[in-house]
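Note sheet for the following structure.
The values are calculated or read from the model by the stated rules, or taken from the named source; none is laboratory data. Model, not experiment: these values are computed from the prediction. Please note: Cβ atoms are built from the backbone with ideal geometry, for glycine as well, and neighbour counts cover all protein chains shown. Protein only, heavy atoms only, side chains kept; ligands, DNA and RNA dropped before computing areas. Shrake-Rupley method; radii C 1.70, N 1.55, O 1.52, S 1.80 Å.
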Amino acid sequence: MNTSCSLEVPIDSLDSIDEVMQVATGVEICSDLSGEGWTPGRKLVESIVSARGDRPVELVCMVRPCIQGVTDGLDARHFQGPPEVIDRCIEAIEMAAGCGVDGVGFGLLNPDGTVDVDGCGVLVEHASKLGLFSGFLRMFDLVPCRSTALRVIGALGFRRVLTAGVRC
């Protein structure tokens, strides 16, 4: 039986980074937590990577580009991946890798709320080529069938899934 515990804490500023890194096993770096988060800026990511020093804390960068017409909150319509979104996600993954994080968190859905296999596959593969692991973000709480989504997410190569444990 595995009795180890992990705690990943989302942050959108440097305000409490030292306290967070004393208790967390992972930190998810994002912008605007109150709005479910967006891709953070390079400066924040670099600052948090620097603040980590040699502490054994995994750093995960959220990849959710701010796209015109997409509002905050959890709505499946806001997690779709047309080509321009995929391109922006690839840019964010490359930025995150260049800053020295360990992984990226993202997720794309189809209009019916199911996992966008093609879009997510492209992003997981790109992240992997850059030495990053991928985590599927909280839009998991929007999928219509969690057991199917978990099988798909696992087959795509995602290493973890973030959930609030409730349907939104």
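Odds and ends about this structure:
- GNM flexibility winner over the chain from Leu14, Leu156, Leu142 (Cα, springs under 10 Å): Leu14
- Averaged per residue, the chain has 51 square angstrom of accessible surface, using a 1.4 angstrom probe with ligands and nucleic acids left out.
- Accessible surface comparison of Arg138, Arg64, probe 1.4 Å, protein chains only, largest first: the order is Arg138, Arg64.
- Overall form of segment 1-40 per C-alpha gyration tensor (a/c, 1.5; a/b vs b/c): oblate
- Which of Asp18, Asp116, Asp102 is most accessible, then next, and so on - probe 1.4 Å: Asp18, Asp102, Asp116
- Cα lying deepest toward the dipole's positive end in the chain, options Ala149, Leu109, Val23, charges on Cβ: Ala149
- Build a GNM of the chain with springs between Cα atoms under 10 Å apart, and of Ser147, Ser47, Ser134 the one that fluctuates most is Ser147.
- Percent accessible area from carbon and sulfur atoms, the chain, protein chains only, probe 1.4 Å: 52 percent
- Residues listed by number, segment 96-127, amide nitrogen under 20 Å from Glu84 label point at 7 Å toward C-beta: 107-111, 119-120, 123
- Extension gain, Asp112-Lys43: 0.36 nm per intervening residue step, less the Cα-Cα distance, totals 21.3 nm.
- Where labels lie 7 Å past Cα in the beta-carbon direction, separation of Glu125 and Leu14 in nm: 3.8 nm
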